[in-house]
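The values are calculated or read from the model by the stated rules, or taken from the named source; none is laboratory data. Note that the structure is a prediction, hence the values are computed from the model and not measured. FYI the Cβ positions are ideal-geometry reconstructions off the backbone, even for glycines, and counts take in every protein chain you see. When the accessible area is computed, the model is the full protein with side chains, heavy atoms only, and any ligands, DNA or RNA have been set aside. Shrake-Rupley method; radii C 1.70, N 1.55, O 1.52, S 1.80 Å.
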Amino acid sequence: MRLSKLPIATLRETPAEAEIASHRLMLRSGMVRRLASGLFTWMPMGWRVARIVERVTREEMERIGAHEVLMPAVHPAELWRESGRWQDYGDLLLKMRDRGEREYCFGPTHEEVVTDIARRELKSYRQLPVSFFQVQTKFRDEIRPRFGVMRSREFIMKDSYSFHLNEESLRETYGRYREAYSRVFERLGLKFRVVQADSGEIGGSKSQEFHVLADSGEDLIAWCDGDDFAANLELAPALPPEGQRAAPGAAMSEAHTPGMRTIRQVAAHLDRPPEDCLKMLLVKAEGGGVVALVLCGQHEVNELKATGLPEVAKPLQLANAQEVAQAAACPPGFLGPVGLRVKTYVDHAAAHRANFVCGANRRDKHLVDVNWGRDLAEPETADLRNAVEGDRSPGGGGTLKIARGIEVGHIFQLGDKYSRAMNAVVLDENGAERHMQMGCYGLGVTRTVAAAIEQNHDERGIIWPEAMAPFSVVLVALNMARDENVRAAAEQLHESLRSQGVEVLFDDRDASPGVKLADADLIGIPHRVVVSARGLKQGTLEYKHRRSDTAEDLGADEAVEFLQARLAP
RNA sequence: CGGGGUAUGGCGCAGUCUGGUAGCGCGUCUGCUUUGGGAGCAGAAGGUCAACGGUUCGAAUCCGUUUACCCCGACCA
């Protein structure tokens, strides 16, 4: 492609709306343009990248025998009423009416449609297992679209659905998808992790997420290098500490802690480490009232774990002022478990502390040298907190690491949730009707493009992994408009590379060298060749990799072989 | 949906408090010069100041209504 023919300007200044690197760089490099909140046009350069992700994904889907289909983007309401999700999916579902006042939604996912297909087409266990996939535009009416195409309302997803006679077959196919997804992200050159995940609204039992590792990721994931444990932080168990709890020491006493409502203030004032200072949260209980949760000062409550307790209301909500006042005669900063008559759960780590500090349930007072079993009853323990770096791995192979990730894929074993709701059955070998087992598997195509940029960029621009780059080589011809030698050499190299099948972006614009070099860095093509009058005088071209700090000269006549050697897969 | 904010040429912004008929940088176009890290000079095009209504001799500016967008919270590929 000749840049002189691509009428898309790169932006020197960043539009004010862009908060994160990928959004900024995609706008500046002209990969996408915004139409409205959460709606983006994919411009030529960006679309090439999206299509690479699509292509690699398709190839891996076909490799495991999935059949590509294309289902409608618009779905009739009846189908979604049948599954119960016309209501359950909530406002994320974009609903609309046609001229006959019939109700439809724009599909945010396709379990209903594919299950309808399956119940019509699949009649016998002999047809199973089978899986279908599509690459298609989805619409989710997100409350707050943000981060450009990372969380847009309209986006492209590759979604697959598998059908099985039994759970064993489902598990086997699920495993194949996990491997296929891993191959997709490996081939794209992304650093990623597969982690255990919560199934959320889609339902079903087991699910795993694929996260591209990036510091700007919205999710936290935990894993252990010494075993195969890996989970979304919301699911990662925080194991009880090992060993015996220390013996009680000095007798419990009261300390004056005026106005100190945070763990940090209390710990500093009493000269105790934060882990010795237990904090207590009052949260709303199912059916009214409150439940108390006690954790070590440095730990964070885990919402999924907390709401898993029978008494705790979903979603997790802190008690309001009235509820706190009802439970204790002090402000929230001075709450503690001693003498409190509220259902109380204590995190394993907090239950392991001896001689700890906690609120006294009196304004401006804390208790010091408190001990379970001495100053108050032995606690009812539970896992309430987020795991932290260095915690013991549930897999037993060492300690946990924590990193940020961007969720680009999610695979589920759905079981019979949809096949039951929509009565999708086949006859088994005994001629009996059986609800099919289902799996579903999503991969965010457009989000993967943004995630790749989050993981691979520097202050100058994007650094595409080789496999995702919209072009392999950028050919920068300096002062081509006024130097016939440069023009001839550049045109010739462009033609040679093209004839060898190399995807080359030819910067033949009549622009200053600074502009061209800056744009080459911004767009992020891995291999750069500069043709200049200066070099040609010595019969050389200049080569530089986007990740390298230094350029090297190469003979003008060996450029094609040189590049081919570098581009070899 | 709750809270906060913004809306002025393609992009980034000033002007609004204190009303007087719109300006800067980047980009675009023309010409000359320059040419290895976002060039210089000269000239030019481009704005119903988000929309509607009101106050006023006069509104980007004051008042009211509406809309769009952004940021912070709960969701997801």
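So which of A:Lys206/A:Lys284; A:Lys279/A:Lys343; A:Lys5/A:Lys544; A:Lys284/A:Lys417; A:Lys343/A:Lys365; A:Lys138/A:Lys417 end up more than 27 Å apart by C-alpha? Each step should come with its number before you reach the end.
Details: A:Lys206/A:Lys284 29 Å; A:Lys279/A:Lys343 15 Å; A:Lys5/A:Lys544 24 Å; A:Lys284/A:Lys417 30 Å; A:Lys343/A:Lys365 22 Å; A:Lys138/A:Lys417 22 Å.
With Cα atoms farther than 27 Å apart: A:Lys206/A:Lys284; A:Lys284/A:Lys417.
For A:Arg144 and A:Glu389, what does the FRET efficiency come to when R0 = 22 Å and r is the distance between their Cβ atoms, rounded to the nearest 0.05? Spell out each step's value before the answer.
Numbers: r = 29 Å, r/R0 = 1.33.
So, using R0 = 22 Å, E works out to roughly 0.15.
How high is the relative contact order of chain A, given as a whole-number percent (alpha carbon pairs under 8 Å, six or more residues apart)?
Numbers: 1225 pairs, mean separation 95.9, N = 569.
Reported as a whole number, the value is 17 percent.
For A:Leu94 and A:Arg178 in one chain, what is 0.36 nm times their gap in residues minus the Cα-Cα distance, to one decimal in nm?
Answer, rounded to one decimal: 27.2 nm.
If you count only protein heavy atoms with a 1.4 Å probe, what accessible area per residue comes out for segment A:253-382, rounded to a whole Å²?
Per residue, segment A:253-382 has 46 Å² of solvent-accessible surface.
Per q in 0.12, 0.14, 0.22 1/Å, what log10 I(q)/I(0) does a Debye calculation on the alpha-carbon atoms of segment A:221-352 return?
-0.55, -0.74, -1.43
Please work out the C-alpha center-to-center distance from segment A:345-376 to segment A:430-480 and express it in whole Å.
The two parts, judged by their Cα centres, are 50 Å apart.
Which distance in nm do the two modelled labels at A:Asp549 and A:Asn485 give, with both placed 7 Å along the Cα-to-Cβ direction?
Output for this residue pair reads 3.2 nm.
Keeping every protein chain present and rolling a 1.4 Å probe, give me the accessible area per residue for segment A:1-88 in Å².
Numbers: 4610 Å² over 88 residues.
Value returned for segment A:1-88: 52 Å² of accessible area per residue.
Which value, in Å², gives the accessible area per residue of segment A:471-567 when a 1.4 Å probe is used on the protein heavy atoms?
Details: 4550 Å² over 97 residues.
With the other protein chains kept in place, segment A:471-567 gives 47 Å² per residue.
For A:Gln127 and A:Arg171, compute 0.36 nm times the residue count separating them, minus their Cα-Cα distance, and round to one decimal in nm.
Values: separation 44, 0.36 × 44 = 15.84 nm, distance 1.72 nm.
Gain in length upon complete extension: 14.1 nm.
Would you mind telling me the share, in percent, of accessible area of segment A:471-567 contributed by carbon and sulfur at probe 1.4 angstrom?
On the way: 1970 of 4550 Å².
Carbon with sulfur: 43 percent of the solvent-accessible area.
Using the scaling law 2.2 N^0.38 Å as the reference, what is the normalised Cα Rg of segment A:336-493? Don't jump to the answer; show the numbers that get you there.
Values: Rg = 30.8 Å, N = 158, 2.2 N^0.38 = 15.1 Å.
Here the Cα radius of gyration is 2.05 times the empirical estimate.
Ignoring ligands, DNA and RNA, what percent of the 1.4 Å accessible area of segment A:167-263 is carbon and sulfur? Kindly include the intermediate steps, with their values, before the conclusion.
On the way: 2270 of 4810 Å².
Ligands and nucleic acids excluded, carbon and sulfur give 47 percent.
Under the Karplus relation 6.51 cos²θ - 1.76 cosθ + 1.60, θ = phi - 60°, what is the ordered set of whole-Hz ³J(HN,Hα) values for segment A:490-502, x standing for Gly and Pro?
5, 4, 5, 5, 4, 5, 4, 5, 4, 5, 8, x, 7
Kirkwood hydrodynamic radius for chain A: how many Å is it when counted over pairs of different Cα atoms? Present the calculation step by step, with values, prior to reporting the outcome.
Details: mean 1/r = 0.0362 Å⁻¹.
Hydrodynamic radius (Kirkwood, Cα pairs) of chain A is 27.6 Å.
For the pair A:Glu103 and A:Ile8, what calculated FRET efficiency results from E = 1/(1 + (r/R0)^6), where r is the Cβ-Cβ distance and R0 = 51 Å, to the nearest 0.05? Walk me through the intermediate numbers first.
On the way: r = 40 Å, r/R0 = 0.78.
With a Förster radius of 51 Å, E is 0.80.
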